[in-house]
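Have a look at the structure below, then the notes.
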Protein chains: 2
Amino acid sequence: MFAALSSPVRLRILLWLLEPRAHFPEQQDGDLVDDGVCVGFITEKIGLTQPTVSAHMKKLAEAELVTSKRIGNWIFYRPQRKKLKILGNWLLCAADNSSVENSTK
Amino acid sequence: MFAALSSPVRLRILLWLLEPRAHFPEQQDGDLVDDGVCVGFITEKIGLTQPTVSAHMKKLAEAELVTSKRIGNWIFYRPQRKKLKILGNWLLCAADNSSVENSTK
DNA sequence: TATCAATATAGATAACTTTCTATATAGGTT
DNA sequence: AACCTATATAGAAAGTTATCTATATTGATA
């Protein structure tokens, strides 16, 4: 998870996905919030090639920070807010020294 | 910060530093909690060479996840709990950002 | 069925990271 | 001062990651 977040490109994309209406135009075939953002929009905004973006999205998905959903030709990526909250709480917990030594990573 | 945490070795070390009494023997010249843990202890426990550990500690320090303090010959590393809390809260905040949240927990 | 459009996969290359060995530095001790 | 001990820095080799171009896959459409 930290590895997935450690790339500035991926972190930027994830933050965009968390507030899709602030960063992307409306989509015809899928709702920005309910369905996610299509790869084409992300590719255009980040300014890298489409295969590179695909690879980044794969890593975010493997870390379960996003989920994907196909509608027609498009694949929509949506952030997994629950996962981010778990990570946030885990950090707070670790910072407070609450003798939790889990290694479920 | 995420880059610093993305190495399993560094994450492990940081978690040890957060609970030093659970993971290290007492030190003569510095208190495990108040002063931090010396590089020698960390090196022995992680099973890498001393220069490698030094490099890892440098990265953690550059990310301000630890601070260092010299006492005599030793350098003691102590975790920056405040920084971890800031990161944890930032993640929680980012996760909550957008308006609509489907509660499929 | 042939074609198109959106995304994924494969493979190559460059850049970065991790680790090591050897050596330097800085503080303490004799 | 000379030496010892703990940690840092330098430099090289190996492993990993990011990026590209070219191609494959998958679903929609004419």
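The values are calculated or read from the model by the stated rules, or taken from the named source; none is laboratory data. Keep in mind it's a predicted model, so treat the numbers as computed, not measured. Cβ atoms come from the backbone with ideal geometry, glycine included; neighbour counts cover every protein chain shown. Just the protein is used for accessible areas: all its heavy atoms, side chains included, with ligands, DNA and RNA removed. Shrake-Rupley method; radii C 1.70, N 1.55, O 1.52, S 1.80 Å.
Observations on the model:
- Residue count for segment B:74-87, restricted to those that are open to solvent by 50 Å² or more (accessible area, probe 1.4 Å) and of a type in the set (A, V, I, L, M, F, W, C): 3.
- Total residues in segment B:13-49, condition more than 12 Å from chain A (Cβ to nearest Cβ), closer than 15 Å to B:GLN80 by Cβ and either in a helix (DSSP H, G or I) or of a type in the set (Gly, Ala, Ser) (or both): 2
- Close pairs from segment B:42-69: first farther than 16 Å from B:PHE24 by Cβ, partner of a type in the set (D, E, K, R) and open to solvent by 30 Å² or more (accessible area, probe 1.4 Å), Cβ under 6 Å, at least 6 apart: B:GLU64/B:LYS83; B:LEU65/B:LYS83; B:THR67/B:ARG78
- Flag: B:ALA4 matches the condition of being in contact (Cβ under 8 Å) with a residue 24 or more places away in the chain and either part of a helix (DSSP H, G or I) or more than 10 Å from chain A (Cβ to nearest Cβ) (or both).
- When A:ARG81 is tested against (1) within 16 Å of DNA strand D (Cβ to nearest atom); (2) at negative phi, just one condition goes unmet, and that condition is (1).
- Checklist (1) in a loop (DSSP other than H, G, I, E, B); (2) within 13 Å of chain B (Cβ to nearest Cβ); (3) in contact with a Gly (Cβ under 8 Å, 6 or more places away or on another chain) applied to A:LEU92, failing item: (1)
- Residue within segment A:52-73 that is at the interface with chain B (Cβ under 9 Å from one of its Cβ atoms) and either part of a helix (DSSP H, G or I) or surrounded by fewer than 18 Cβ atoms within 10 Å (Cβ to Cβ) (or both) present: no
- The residue list A:VAL33, A:VAL39 contains one member that is over 30 Å from B:ARG12 (Cβ atoms) and within 12 Å of DNA strand C (Cβ to nearest atom), which is A:VAL39.
- Positions within segment A:61-84 being within 11 Å of A:ASP35 (Cβ to Cβ) and among the hydrophobic types (A, V, I, L, M, F, W, C), in sequence order: A:ILE71, A:TRP74, A:ILE75, A:PHE76
- Of all the residues in segment A:12-37, those that are surrounded by fewer than 17 Cβ atoms within 10 Å (Cβ to Cβ) and within 19 Å of A:LYS58 (Cα to Cα) number 2.
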